[in-house]
RNA sequence: GGAAGCGUGCCGGAGCGGCCGAACGGAACAGUCUUGAAAACUGUCGUAGUUAAUAGCUACCGUGGGUUCAAAUCCCACCGCUUCCUCCA
């Protein structure tokens, strides 16, 4: 949710953000009108209520014979209060309805425009130059017997898969490497719930435009999360946390579920776009003034992890129109996928400023003892999709795949995943 | 799934229609005392809205409704917790 003070004091800043996102500017004026109305209705209710409270006290202390008359007068007051309370509630709900539609105010320097209007910040690493006919990750997975797509479909339908043998072990090795790196950087590991209540799902900003991307269990009124970010953001819901020792950092591991409703026909081959995968997510709770600096740190940790996996990549600065509703700035890291001769997104890190925290009612105590809304940030540290880039970039002429050195300790020192020799 | 009990401030714990935003105790913070600390004593000590205001007013005692002039207190529903039974990885 956007800041009401900002709405009152500088609505043009919000309008500029809406413009950059390609979203409605009129809604800002609607919000202002609704906010003025809410305050007026609330003031009316409160003064009537005060009158009633005062009157009630005289009823309590009045002698018996005067009570009947006083109660009769009080009944009129009570009716007025009830009407005023209803009007105040309506006005408040009307405001909320508008406020929840306005997406986070984008940070300065975020490129305007849509999906294709990102800035490339840098390209890192060397793209492999194969002297042989390369295979895509699907072929490699099949030939190495580490990925079983057919049986995934048989058991669960399209976009499901089995990771098998060294494939399964490689993913767990990667997650362990990532988790160790996170722990070293001061993150607390969390294995999170993947079913969450509607309030939490809404609070994190996932029930807006893309609600149909999310699995929902009507019998239990619970949502399956597409990222542990949801549970990690909900973790401190309705709390006033202590940030005097620095940011609270969590590394959440979970399985993630996505319906991929709007992407029929896209990336149908392999495990690039699937309904279920695993992810290690970094999540930070920080003072708002530190959010931009924390964002750069998250990005640096992501790059470090990509480098440990020896993957060529580029960092892009996402345009305003392609930001999630909660994000004020977002960087994606895309790894080179040789079979597609293009970069594909492996990580994403968003600075959500105070937007999620305001929705989820999360504050911190400042030095002067006052409370203030905190800022949240998130960033991917490893996901199943990384296997695509690892397999393809490190394939060898003999069909084997070289395991990056940093991963080897987690695989008993194994240096190559080799095709099975047929008898 | 069945039965009973319970949900109050940072924690413990009273209150069970008006005098309750809430006794009392602990923790925490500030001060007095002390060379310093402890102890003792004194004070502060929930969150939010409204407002120029740390004045006043309003809201909040699991959540949402209801009864009443008036609800932490009565009624209903829901959620959660505990114990017992049943079941189960």
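Read-outs: derived from the displayed coordinates by stated rules, not from any lab. Because the structure is predicted, anything quoted here is derived from the model rather than measured. Note that we place each Cβ from the backbone using ideal geometry, even for glycine, and neighbour counts take in every protein chain shown.
Couple of notes before you dig in:
- Shape class of the range A:180-281 from the Cα gyration tensor (axes a ≥ b ≥ c, square roots of the eigenvalues): oblate, since a/c reaches 1.5 or more and a/b does not exceed b/c.
- Using R0 = 30 Å, the C-beta based FRET efficiency linking residue A:121 and residue A:289 works out to 0.85.
- The range A:362-383-the range A:130-151 distance, computed between alpha-carbon centres (Å): 43 Å
- Virtual paramagnetic centre 7 Å along Cα→Cβ of residue A:210, amide N under 17 Å, in the range A:344-359: A:344-353, A:356
- Highest-MSF residue in chain A out of A:39, A:259, A:249 [GNM, Cα springs under 10 Å]: A:39
- The range A:43-82 shape via C-alpha gyration tensor axes, a/c threshold 1.5: oblate
- Model label zone, residue A:398; criterion: amide N under 18 Å from point 7 Å along Cα-to-beta-carbon; scope the range A:107-132: A:131-132
- Sites residue A:408 and residue A:219 - FRET efficiency at Förster radius 41 Å, r taken between beta-carbons, to 0.05: 0.35
- A helix-only calculation puts chain A at -12500 deg cm²/dmol for mean residue ellipticity at 222 nm, using -39500 (n - 2.57) for each DSSP H run of at least four residues, averaged over all residues.
- Look at the alpha carbon pairs under 8 Å that are at least 6 residues apart: their mean separation over the length of the range A:94-168 gives a relative contact order of 17 percent.
- Here the extension length gained between residue A:345 and residue A:418 equals 23.6 nm, from 0.36 nm per residue of separation less the Cα-Cα distance.
- The label point for residue A:97 and the one for residue A:43, both projected 7 Å from the Cα toward the Cβ, are 2.4 nm apart.
- Three principal axis lengths of the range A:351-423 [C-alpha, angstrom, descending]: 72, 21, 19
- Relative contact order [Cα under 8 Å, 6+ residues apart], the range A:183-288, whole percent: 32 percent
- The label-point distance for residue A:361 and residue A:65, in a model that sets each label 7 Å from Cα toward Cβ, rounds to 5.0 nm.
- At q = 0.08, 0.09, 0.10 Å⁻¹ the log10 of I(q)/I(0) for chain A amounts to -0.54, -0.65, -0.77, computed by Debye summation with a single uniform scatterer per C-alpha, solvent ignored.
- Near-label residues of the range A:12-26 by backbone N, under 17 Å of a point 7 Å along Cα→Cβ of residue A:317: A:17, A:20-21
- Most to least packed among A:284-297, A:154-167 [average Cβ atoms within 10 Å]: A:284-297, A:154-167
- Potential lengthening between residue A:132 and residue A:370 on full extension [0.36 nm per residue; Cα-Cα distance subtracted]: 79.2 nm
- Antiparallel bridges, percent of DSSP beta bridges restricted to chain A (to nearest 5): 90 percent
- Treating r as the C-beta distance of residue A:29 and residue A:112 and R0 as 25 Å, the FRET efficiency rounds to 0.75.
- Span from the the range A:1-60 Cα centroid across to the the range A:205-230 one, whole angstrom: 29 Å
- Estimated inter-spin distance, residue A:90 and residue A:13, nm [label 7 Å along Cα→Cβ]: 3.4 nm
- Across the range A:119-417, C-alpha contacts under 8 Å between residues 6 or more apart give a mean separation that, scaled by the residue count, equals a relative contact order of 23 percent.
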